[in-house]
Amino acid sequence: MDNNPETAKAISLAEEGSSANSVDYEQALSLTGFGWFHYRLLALCGLIYANTAIGVTILSFVLPSATCDFRMTSEDKGWLTAAPMLGMVIGSYFWGCLADTKGRRVVLIAALLLDGAIGILSTASQIFSLFMFFRFINGFAITGAMGICFPYLGEFQPTVYREKILCWMELFWTLGIIVLPCIAWLVIPLDFRFVSANGFRLASWNLFVALSAIPSLLLGVWLFSFPESPKFLIECGEEKLAVEVLKDIYRANTGRERDEYPITGLKVREKGNAIMEAHQRSIRSFCIHKPKHIRILLGEIWEQTKTLCGPTFRRNTLLACLIQFGITSSYYTLMIWFPELFGRFEEYEKRYPNSSVSVCDVSSIVLDKGNGTTVVEEFCGTEIDTNVYWHTLLLGFACIPTSFWLPLCVHRLGAKFFLIFSLLVAAGVTVGLSYVNNSTQNLVLSCIFEALTSMGISTVYCVMVDLFPTNLRVMAAALSLTCGRGGALLGNILFGFLVDLNCFIPVVLFAALLLGSAILCFFLPSTGTMALE
């Protein structure tokens, strides 16, 4: 067991406690120590978060690679990138409600397995509309994993470690951003193309999509070896099972026997779950395939939603939703379109090597000046330039300094500082994208944008764990994610339509959204010292 003062204090309180050795959850969790179990859990949740980075940004390489097979115009690409965002809009609240009623672990497993299975299935799609539907389902699934991995990880952490551990998740997001172009670089340039007698086609980009889906399946299987959140079990009235989970954590961290864990009971909250009080049973025991149980669960979801919008939490809920809308719409739109813009810069500079041009002007190379229609054939069959992979990889490397800066300094500077700083600078950088006149300047600003906005998004997730109590935490995160994904949906559709016409408008709009989110962050309460209620 570690020698942390918080642990020593918890031991003292336990020894002075009642004959039943009943203490509150924070004290019981501190007595498990901090060790091997927490490192394994961080690795699992971190890899899940890295996998969501791959799932969210995978279309950035599919867009230029599949242009020929699907005969996509810029508008088609806008709709394709919007499809997973629509799935996220619908899935965010669905998975959040499910996680607050059936448990974090089971929902994480279901979301990961669904994402992996649909991802592999989508590789065989021969029709653009069908492929777009599969990406919709992928977005629906991956948002469940993204929204729940932070609360699931946070509910296992002692207060003294929680904020720092959650901030380390940013490093795993960076890992996903780095791994994705590496996989694409290895697979997409392969000289592979299969065409059957009946016209069935498979190209290297199909293999890339399939390989990117496999980690979801592996992580879903690995998650079976981890327990349900003991804090959630307590909320469900299953204190005895929660103690058994804590004993397992104690044994994993200390190497001692489970019976040596000094706690045999946990203090029960005076006010428990409404369903548990009314029906004298755990909320997890209700079956979603029984109409009567569905009505009860929907009633509980409605009550929790009203609580989030009630006087106690209304302010935090509104702030979380608006901040998520601003930062997510900007980040997910530009991040997905960066490789496409890199490719257009490379193509333009090959044709006109001694000229300078802005991001918005370079997009005109895909327009037929004669009739104003988009010329798909101009890029059909053209391989992605090697520099595009390299530039996208640099986006990931640019996140490494901020990925270490956040967890190492979050206690000293505070989460609010990182949010405000990252969003303000990112807003200025976004405006600057409209004024670059070569690919190098575009790359530098893109790297700064990626590093700061990804850090901002991870910090928002960290703050969310502290803003709401356990019984509302996942649902609050889901509600804010729904707003954020709605912004990303609108952003991708808008950018797809305007990138060839007047891309200055969406760029300025995204900068304004980031600036607005930074201003709203000033009104967030301080976090990191609250109890995990």
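The values are calculated or read from the model by the stated rules, or taken from the named source; none is laboratory data. None of these values were measured; they are calculated from a predicted model. Virtual Cβ from ideal backbone geometry, glycine too; neighbours counted across all protein chains shown. Note: accessible area is taken over every heavy atom of the protein model, side chains too, but ligands, DNA and RNA are not part of it. Shrake-Rupley method; radii C 1.70, N 1.55, O 1.52, S 1.80 Å.
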* region 239-269, residues that are within 15 Å of Val23 (Cα to Cα) and in a loop (DSSP other than H, G, I, E, B) -> Tyr261, Pro262, Ile263, Thr264, Lys267, Val268, Arg269
* Count of region 434-451 residues which are surrounded by 24 or more Cβ atoms within 10 Å (Cβ to Cβ) and not aromatic (Phe, Trp, Tyr) -> 3
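Collect the residues in region 434-451 that are touching a residue at least 60 places away in the same chain (Cβ under 8 Å) and within 25 Å of the chain's Cα centre (by Cα), keeping them in residue-number order.
Scanning region 434-451 gives Leu443, Ser446, Phe449, Glu450.
Checking the condition within 23 Å of Arg314 (Cα to Cα) and at pLDDT 80 or above, which residue from Ser454, Ser446, Ser480, Ser422 passes?
Only one candidate passes the filter, namely Ser480.
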* Asked: Within region 37-75, restricting attention to residues that are assigned to a helix (DSSP H, G or I) and over 25 Å from the mean Cα position of the chain (by Cα), which residue is modelled with the lowest pLDDT?
  -> Ser74
* Please enumerate the residues belonging to region 183-230 that are open to solvent by 30 Å² or more (accessible area, probe 1.4 Å), assigned to a helix (DSSP H, G or I) and out of contact with any Gly (no Cβ under 7 Å at 6 or more places or on another chain). => Ile183, Trp185, Leu186, Leu207, Leu211, Pro215, Leu218, Val221, Trp222, Phe224, Ser225
* Structure fact -> Residue hits (region 114-167; within 24 Å of Lys231 (Cβ to Cβ), of a type outside the set (S, T, N, Q) and surrounded by fewer than 21 Cβ atoms within 10 Å (Cβ to Cβ)) are Val160, Tyr161, Lys164
* Asked: From the list Leu334, Leu367, Leu322, which one is open to solvent by 10 Å² or more (accessible area, probe 1.4 Å) and at pLDDT 75 or above?
  -> Leu322
* Asked: In region 66-108, how many are in contact with a strand residue (DSSP E or B) (Cβ under 8 Å, 6 or more places away or on another chain) and open to solvent by 10 Å² or more (accessible area, probe 1.4 Å)?
  -> 3
* Enumeration of residues in region 168-181 that are closer than 30 Å to Gly343 by Cβ, open to solvent by less than 10 Å² (accessible area, probe 1.4 Å) and of a type in the set (A, V, I, L, M, F, W, C) -> Trp173, Ile177, Leu180
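Please enumerate the residues belonging to region 239-252 that are β-branched (Val, Ile, Thr) and either touching a residue at least 60 places away in the same chain (Cβ under 8 Å) or surrounded by fewer than 18 Cβ atoms within 10 Å (Cβ to Cβ) (or both). Please lay out each step first, then the result.
Of region 239-252, the ones β-branched (Val, Ile, Thr) are 243, 245, 249.
Val243, Ile249, listed by residue number.
Give Thr482, Thr459, Thr392 a once-over and let me know the one that is β-branched (Val, Ile, Thr) and open to solvent by 20 Å² or more (accessible area, probe 1.4 Å).
Testing whether each residue is β-branched (Val, Ile, Thr) and open to solvent by 20 Å² or more (accessible area, probe 1.4 Å) leaves just Thr482.
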* To do: Please list, ordered by first then second residue, the pairs with beta carbon atoms under 7 Å, 6 or more apart or interchain, first in region 183-198 and touching a residue at least 40 places away in the same chain (Cβ under 8 Å), second surrounded by 14 or more Cβ atoms within 10 Å (Cβ to Cβ) and of a type in the set (Val, Ile, Thr).
  => Ile188/Ile384
* In region 94-138, how many are of a type in the set (Gly, Ala, Ser) and at pLDDT 90 or above? -> 5
* Structure fact -> Note on Cys236: of the conditions (1) touching a strand residue (DSSP E or B) at 6+ places or on another chain (Cβ under 8 Å); (2) open to solvent by less than 40 Å² (accessible area, probe 1.4 Å), unmet is (1)
* Taking only region 253-275 into account, find how many residues are buried (at least 18 other Cβ atoms within 10 Å of the Cβ) and either modelled with pLDDT of 65 or more or more than 29 Å from the chain's Cα centre (by Cα) (or both). => 6
* Ala111: in a helix (DSSP H, G or I) and either open to solvent by 10 Å² or more (accessible area, probe 1.4 Å) or in contact with a helix residue (DSSP H, G or I) (Cβ under 8 Å, 6 or more places away or on another chain) (or both), yes or no? -> yes
* Would you check if Asn206 is out of contact with any helix residue (DSSP H, G or I) (no Cβ under 8 Å at 6 or more places or on another chain), modelled with pLDDT under 90 and closer than 16 Å to Val62 by Cα? => yes
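Go through region 490-506 residue by residue and tally those that are touching a Phe, Trp or Tyr at 6+ places or on another chain (Cβ under 9 Å) and either modelled with pLDDT of 85 or more or in a helix (DSSP H, G or I) (or both).
Number of matching residues: 7.
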